[in-house]
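I have placed the structure first, in the form of structure tokens, so that the comments after it can refer back to it.
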Amino acid sequence: MEAQKEALQRIISTLAHKNDEIQNFIEALNHTLKGVQANSSSVLAELDEEFDGLYSILDEMKESMTTSIKQEQAHKTQELQNQLSQCNNALENSEELLEFAARSLDIKDSEEFSKAARQIKDRVTMAPAFRLSLKPKVSDNMTHLMVDFSQERQMLQALKFLPVPRAPEIVLSDCLVADNCVTISWQMTEEDNKIDHYVLEYRKTNFDGLPRVKDERCWETIDYIKGTEYTLSGLRFDSKYMNFRVRACNKAVAGDYSDPVTLETKALLFNLDGSSSHLNLKVEDSYVEWDSTGGKSQENKIKGKENKGSGTPSPKRSSVSSRSPLIRGSRDRFTGESYTVLGDTAIENGQHYWEVKAQKDCKSYSVGVAYKNLGKFDQLGKTNTSWCVHINNWLQTTFAAKHNNKAKSLDAMVPDRIGVYCDFDGGQLSFYNASSKQLLYTFKTKFTQPLLPGFMVWCGGLTLTTGLQVPTAVKTLQKSENGLSGSSSSLTNVAQ
């Protein structure tokens, strides 16, 4: 019976998974259908815009050429009219001179005839008719302003849709996720020398299957990538996976997206558990600050509620008063001088890394890990279930690794930021200078219970950075350290 139930449960699980895939595919098909309709309308609008632009250019060219023809016509007309006017004036002058000469032939007196003959000679010498060019200054030929559109007509008739670049292919073997960076590499399935640039899109997701159309986050775009590789840096891995897709673009059109790929970007992401911290700590998601008045203000608040009113409290007030200690108890996880706050996410396996930065004037703080059963009066490093490095800047600066109430002084300078590396399965807890990746100290043990990141702070504050991958430099140092014999610390133990 149990075996049949398990078999049926596996069948149901497989069917549910298949239904989920089909639903995702249906959403993808519907999304593609809407995309076809929207993109067709967009392409038609762009085609209309291109032809309108072409018509506009032709209209401008026609107007410009028409103006040139009219200007040429006006110029030739003016030249010919001027020349015609000069000819008419010369002809009128010549006719007047001919008339005068004809009259002079009838003169009988020789002296008067000689005088008239001399006048005619002088006037003929100065006559406009003899200074005229009897050739038109301009011709009536306008063929130099004719246009041959045969070549352009052939070009327009040869007009066709631009070749769309093929979809690139993301090369998974060349993609790299390391040091909170993701390098994406792709290639073209066919050589295309007209590609101008690429567009890369990515988004974070917690779904490990094929990228869904409806996801919790939108695609982010990086445009004008000239090469076939791109590195996203400075990421905070606050999701388990990232989807990537890329497409090629030429000068005028973009091609289809590549098949999207999903890369795992898992990193330990946690916040500080303010609900269980010491009362003297002000805790936000990734920041904790020591507050000397925290416990007093809470106690006064509770006492004020308990002492409000006189005589026998009403049932309603009794109910509130009875709940007050529970409210205080939620912040009573640590008390006394255990100014401690823990992370809200347990570490049960794997390798993880996070960083901590202290305020410059912080007097005392500890950074490490602890089991969940750390006592309310316990301090980090003073029990056999907690490990830490402790910095004390009160009176004089001390820097030490602590575990099971034993301390080992560290010679290194206290860094601005401390990197914490935890290899749960390998039983290692290492502390680094987060900037230089210098190894500060390593605990080697066997963790038998889930770990919680732990922090102690007094007179100051700490800022936490999570969602970080284990840096490559740290991995390299860990391999080197593990390869050395006899490198166990004096504080090494097996914690039960």
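The values are calculated or read from the model by the stated rules, or taken from the named source; none is laboratory data. These figures come from a predicted structure and were not determined experimentally. Cβ placement follows ideal geometry from the backbone for every residue including glycine, while neighbour counts extend to all protein chains displayed. Only protein heavy atoms, including side chains, enter the accessible area calculation; ligands, DNA and RNA are left aside. Shrake-Rupley method; radii C 1.70, N 1.55, O 1.52, S 1.80 Å.
Over the alpha carbons of region 12-51, what is the largest minus smallest coordinate on each principal axis, giving the biggest first in Å?
57, 9, 5
For region 407-439 and region 251-283, what is the centre-to-centre distance using only Cα atoms, to the nearest Å?
If we compute the Cα centre of each part, the gap is 24 Å.
Under a cut-off of 16 Å between alpha-carbon atoms, report the lysines in cross-link reach of K226, not counting same-chain residues fewer than 8 places apart.
Here the lysines satisfying the reach criterion relative to K226 are K194, K251.
Please list, or write none, the lysines whose alpha carbon is within less than 27 Å of the alpha carbon of K437, excluding same-chain residues fewer than 8 places away.
K240, K266, K357, K360, K363, K382, K402, K406, K408, K446, K475, K479
With each label point set 7 Å from Cα along the Cα-Cβ vector, what nm distance links R417 and D223?
3.2
Using C-alpha positions alone, give me the convex hull volume of region 77-204 per residue in cubic angstrom. Show your work: numbers first, answer last.
Details: hull volume 31.9 nm³, N = 128.
Convex hull of Cα atoms, per residue: 249 Å³.
At a temperature of 25 °C and a viscosity of 0.890 mPa s, determine how fast region 375-444 diffuses translationally according to Stokes-Einstein, using the Kirkwood radius over alpha-carbon pairs as Rh; express D in µm²/s, rounded to the nearest whole number. Write down the numbers at each step before the final one.
Numbers: Rh = 12.7 Å.
Translational diffusion coefficient: 192 µm²/s.
Rounded to the nearest Å, what's the spacing between the alpha carbon centres of region 343-399 and region 130-144? Just the number, please.
105
Classify region 21-72 as rounded, prolate or oblate from the Cα gyration tensor: take a ≥ b ≥ c as the square roots of its eigenvalues, call it rounded if a/c is under 1.5, otherwise prolate when a/b beats b/c and oblate if not. Let's see the in-between values first.
Numbers: a/c = 13.65, a/b = 10.19, b/c = 1.34.
The shape class here is prolate.
Pop a pseudo-label 7 angstrom from the Cα along the beta-carbon direction at both K266 and Q81 and give the gap in nm to one decimal.
9.3
Rank T463, T445 by accessible area, highest first, at a 1.4 Å probe radius?
Values: T463 60, T445 20 Å².
Descending accessible area places them as T463, T445.
Largest first and in whole Å, give the semi-axes of region 187-263's equivalent ellipsoid, each being the square root of 5 times a Cα gyration tensor eigenvalue. Please list the in-between numbers first.
Values: eigenvalues 123, 36, 23 Å².
Ellipsoid semi-axes (Å, largest first): 25, 13, 11.
With mean projected area of the Cα convex hull in nm² as the read-out, I listed (i) 26.2; (ii) 25.0; (iii) 57.4; which label goes with the value calculated from this structure?
Working out mean projected area of the Cα convex hull in nm² from the coordinates points to (iii).
So how long is each side of region 72-112 along the principal axes, counting just the alpha-carbon atoms, biggest first, in Å?
Reported extents, whole Å, longest axis first: 58, 12, 6.
Helix-derived [θ] at 222 nm for the chain: sum -39500 (n - 2.57) over DSSP H runs of at least 4, divide by residue count, nearest 500? Spell out each step's value before the answer.
On the way: 6 runs with 167 residues, N = 496.
The helix contribution divided over the chain gives -12000 deg cm²/dmol.
I'd like the FRET efficiency for M61 and E481, computed as 1/(1 + (r/R0)^6) with the beta carbon distance as r and R0 of 60 Å, rounded to 0.05.
Values: r = 77 Å, r/R0 = 1.28.
Calculated value: 0.20.
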